[in-house]
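Note sheet for the following structure.
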Amino acid sequence: MFRKILIANRGEIAIRVIRACRELGIANVAVFSEADRSSLHVRYADEAYCVGPAPSVRSYLNMDAILEVAKRSGAEAIHPGYGFLAENAEFARRCEAAGIVFIGPPSHAIRAMGSKTSARKLATAAGVPVVPGAIEDLSDAEVETCAREIGLPVVIKAAAGGGGKGMRVVQTDADLASAIRAARSEAQSAFGDSAIYVEKYLVAPRHVEMQILADRHGNTIYLGERECSVQRRHQKVIEEAPSPIVDPPLRRRMGEAAVRLAKAAGYVNAGTVEFLVDRDRNFYFLEVNTRLQVEHPVTEMVTGLDLVKEQIAIAAGEPLRHRQDDLVIRGAAIECRIYAEDPFQNFVPSPGRIMGLREPGGAGVRIESGVYEGYEVPVFYDPLIAKLITWGQDRLEAAQRMRRALMEYTIHGIKTTIPFHQRVMVDPEFLRGEIDTTFIDRRFAGRPHAWDDSQRDVALVAAALHAFLRDQARVAARPARAGSAESPWKLAARQAGLRR
């Protein structure tokens, strides 16, 4: 096992990795930009080194600086977290060349999966269903020809990268040319690669992904799926495990497809194979994320595994400690990404100083945060400041617990997405599991302040009824206090945190 690991990231994910290292008895090293000198991950780390000015290209993306710190500090391995250099094949290759272990897949696997077109080719060869479309980078003229052959609507995508960047949905022939220009320009700006391709646009699909683990001894397993359909601008904001629509047979088929693809790519370490699922529950390969996902905690909550520790053990050369048949999904978990954004102003970033902070707690509540009271949220990086995760015996209890936790969560001084999440947690369609990638646009876009009180009442009554039925036996068996006139209905509603 490693003696010292460098974490090439910032914020809550850096703290998450530091904690795993501490539990394993591994010393840890943080890196930071000049803008992050007072950040929480710097305070948590055993050692911390500045790697450059605020712009990420001169700090967190500065390979030379990070490798120099690894050498100077004596770190034997680098954990990249997610974002920044996590899916950079060249950085993985340079770590390999320097004799430093990259805690992630080998560079050849990152390269194979990093291009969506090459990943689609591998998926097709492995017998994994893919969305109809191109399997290679296309010229502008070829994109137009392919789009017309497939039939509109189509989606134009950057061949490199992800996160919704370099993506344009085209509904009409007249919009094709401008969408191609916009997608190619954004792809070049975001990833330094203007390559694009085209595929059929599935109407209102669900975004379901499969977590995998693979070791260097030929063992690969899947850990179940996550539902990631609640998105804005093609970026996830709420995730959950398991998916409301995935039953055991579908889970097995998707998991086995993900494992086939991973083995075909020579994949090692943690990764995620993403799928789109249509209304008939047919699934289609979307892409592979060759890193730990932001939403990994919901998988940890329902499986009991620590994915960061698993990553470290695999990188150290150990075989997987779990077999496929050992894995059991227990209960349900939901994650809300807390962004420093104003949900009532189309989610525009809201940097600034946090003047007050109260984080939630209690049974089944987990929070991963990179901020503190008095912290200045910088303008230079992704506005994700924390993740709030809840677990329940079933999906509705997880949602009830999330609603209660969000009521307790207070951040003053900046705008956050907490009010948006509070509304989703009482939305009847969300509570029924009727979600797809159009959910936010359909339910909230263009009317952020509007809220149908009758729908809210239905959701609250449904939640209260669920809590009452679940706790009826316990409530009935509890001796009444002298002078208490509280009915079981009121007690159940109060226990569920439902106050009018």
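The values are calculated or read from the model by the stated rules, or taken from the named source; none is laboratory data. Please read all numbers here as calculations on a predicted model, not as lab measurements. Cβ coordinates were reconstructed from backbone atoms using ideal geometry, including for glycine residues, and neighbour counts include every protein chain displayed.
Structural remarks
- Members of the range 252-287 that are within 30 Å of residue 385 (Cβ to Cβ) and modelled with pLDDT of 95 or more: 269, 270, 271, 272, 273, 274, 275, 276
- Selection within the range 351-377 - on the phi < 0 side of the Ramachandran plot, under 21 Å from the mean Cα position of the chain (by Cα) and in a loop (DSSP other than H, G, I, E, B): 359, 360, 370, 371
- Residue match in the range 133-142 (condition: in contact (Cβ under 8 Å) with a residue 12 or more places away in the chain, assigned to a loop (DSSP other than H, G, I, E, B), exposed (fewer than 15 other Cβ atoms within 10 Å of the Cβ) and charged (D, E, K, R)): yes
- Sole exception among (1) under 30 Å from residue 326 (Cβ atoms); (2) of a type in the set (A, V, I, L, M, F, W, C); (3) part of a loop (DSSP other than H, G, I, E, B) for residue 228, by number: (3)
- Scanning the range 279-294 for residues that are touching a Ser or Thr at 6+ places or on another chain (Cβ under 9 Å) and either assigned to a loop (DSSP other than H, G, I, E, B) or without any contact (Cβ under 8 Å) to a residue 12 or more places away in the chain (or both) turns up 290, 291, 292, 293.
- Residues (crowded, with 16+ Cβ neighbours inside 10 Å and not in a helix (DSSP H, G or I)) located in the range 421-432: 425, 426, 427
- Residue count, the range 102-129 (criterion: surrounded by fewer than 20 Cβ atoms within 10 Å (Cβ to Cβ) and over 25 Å from residue 283 (Cα atoms)): 1
- Comparison of 243, 229 shows that the only residue that is touching a Pro at 6+ places or on another chain (Cβ under 9 Å), at pLDDT 95 or above, of a type in the set (S, T, N, Q) and buried (at least 20 other Cβ atoms within 10 Å of the Cβ) is 229.
- Hits in the range 384-399 (condition: of a type outside the set (D, E, K, R) and closer than 20 Å to residue 358 by Cβ): 384, 385, 386, 388, 389, 390
- The strands (runs of 3 or more DSSP E) found wholly in the range 147-209 and carrying at least 3 residues that are surrounded by 19 or more Cβ atoms within 10 Å (Cβ to Cβ) and either without any contact (Cβ under 8 Å) to a residue 24 or more places away in the chain or in contact with a strand residue (DSSP E or B) (Cβ under 6 Å, 6 or more places away or on another chain) (or both) occupy 154-158, 196-200.
- Filtered residues of the range 338-350 (kept if of a type outside the set (Asp, Glu), more than 23 Å from residue 37 (Cα to Cα) and outside any loop (DSSP other than H, G, I, E, B)): 343, 344, 345, 348
- Any hit, the range 394-413, residues being farther than 28 Å from residue 243 by Cβ, assigned to a loop (DSSP other than H, G, I, E, B) and in contact with a strand residue (DSSP E or B) (Cβ under 9 Å, 6 or more places away or on another chain): yes
- Subset of the range 309-322 (residues that are under 21 Å from residue 263 (Cα atoms) and part of a helix (DSSP H, G or I)): 310, 311, 312, 313, 314, 315
- Qualifying positions in the range 360-381 - in contact (Cβ under 8 Å) with a residue 24 or more places away in the chain, surrounded by fewer than 17 Cβ atoms within 10 Å (Cβ to Cβ) and charged (D, E, K, R): 376
- Residue 43 meets the stated requirement of being more than 22 Å from residue 313 (Cβ to Cβ), in a helix (DSSP H, G or I) and either free of Cβ contacts under 8 Å to residues at least 40 places away in the same chain or out of contact with any helix residue (DSSP H, G or I) (no Cβ under 6 Å at 6 or more places or on another chain) (or both).
- Pairs are defined by a Cβ separation below 8 Å, a sequence spacing of at least 6 or placement on different chains, a first member in the range 392-414 that is over 22 Å from residue 432 (Cβ atoms), and a second member that is at pLDDT below 95 and of a type in the set (A, V, I, L, M); no pair meets this definition.
- Residue count, the range 74-103 (criterion: touching a helix residue (DSSP H, G or I) at 6+ places or on another chain (Cβ under 8 Å), on the phi < 0 side of the Ramachandran plot and assigned to a loop (DSSP other than H, G, I, E, B)): 8
- Among the numbered conditions (1) surrounded by 15 or more Cβ atoms within 10 Å (Cβ to Cβ); (2) in contact with a strand residue (DSSP E or B) (Cβ under 6 Å, 6 or more places away or on another chain), the only one that residue 291 does not meet is (2).
- Residue that is surrounded by the fewest Cβ atoms within 10 Å (Cβ to Cβ), among those in the range 295-330 that are of a type in the set (Asp, Glu) and without any contact (Cβ under 8 Å) to a residue 60 or more places away in the chain: 325
- Options 57, 17: the member that is under 26 Å from the mean Cα position of the chain (by Cα) and under 26 Å from residue 373 (Cβ atoms): 17
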